[in-house]
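The values are calculated or read from the model by the stated rules, or taken from the named source; none is laboratory data. Small disclaimer: the values here were computed from a predicted structure and weren't measured. No Cβ is skipped: glycine too gets one built from the backbone with ideal geometry, and neighbour counts run over all protein chains shown.
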Amino acid sequence: AQNLLGIINWVRPYLGFTTCPGFVNLIRKLTPEAKPALELVEWVITNRQVYRICPKICVTEFVFIVDLHPTGIIGQWDTQWSDPLHIL
């Protein structure tokens, strides 16, 4: 579970999650609504493919700032690809 949480934190901006502060002192347990959400995150992480570099396309660092936390993604962008963003 700790590994999954670390991965979620790393890909959080890419998946569209925010970094709102959690309530650390509260007792938490998984709700029935949370289970499908975690399964969706697991599916996205499992099925998202990382691409090999295409030497003909410039490599770019995309920087996203979500809730004042910058995150960078190294990738390539080409509108002629079926998925224009290739994360390297």
Please identify the pairs in which a residue from the range 30-43 that is more than 15 Å from Val11 (Cα to Cα) has its Cβ atom under 9 Å from the Cβ atom of a residue that is surrounded by 10 or more Cβ atoms within 10 Å (Cβ to Cβ) and modelled with pLDDT of 80 or more, counting only partners at least 6 apart or on another chain. Leu30/Leu38
So, first residue closer than 13 Å to Trp10 by Cα and free of Cβ contacts under 8 Å to residues at least 60 places away in the same chain in the range 59-80, second residue outside any strand (DSSP E or B) and β-branched (Val, Ile, Thr), Cβ within less than 8 Å, six or more apart or across chains; the pairs are Val66/Thr18; Val66/Thr19; His69/Thr19
Where in the range 11-88 are there strands (runs of 3 or more DSSP E), lying wholly inside it, with at least 3 residues that are at pLDDT 85 or above? 60-66, 69-77
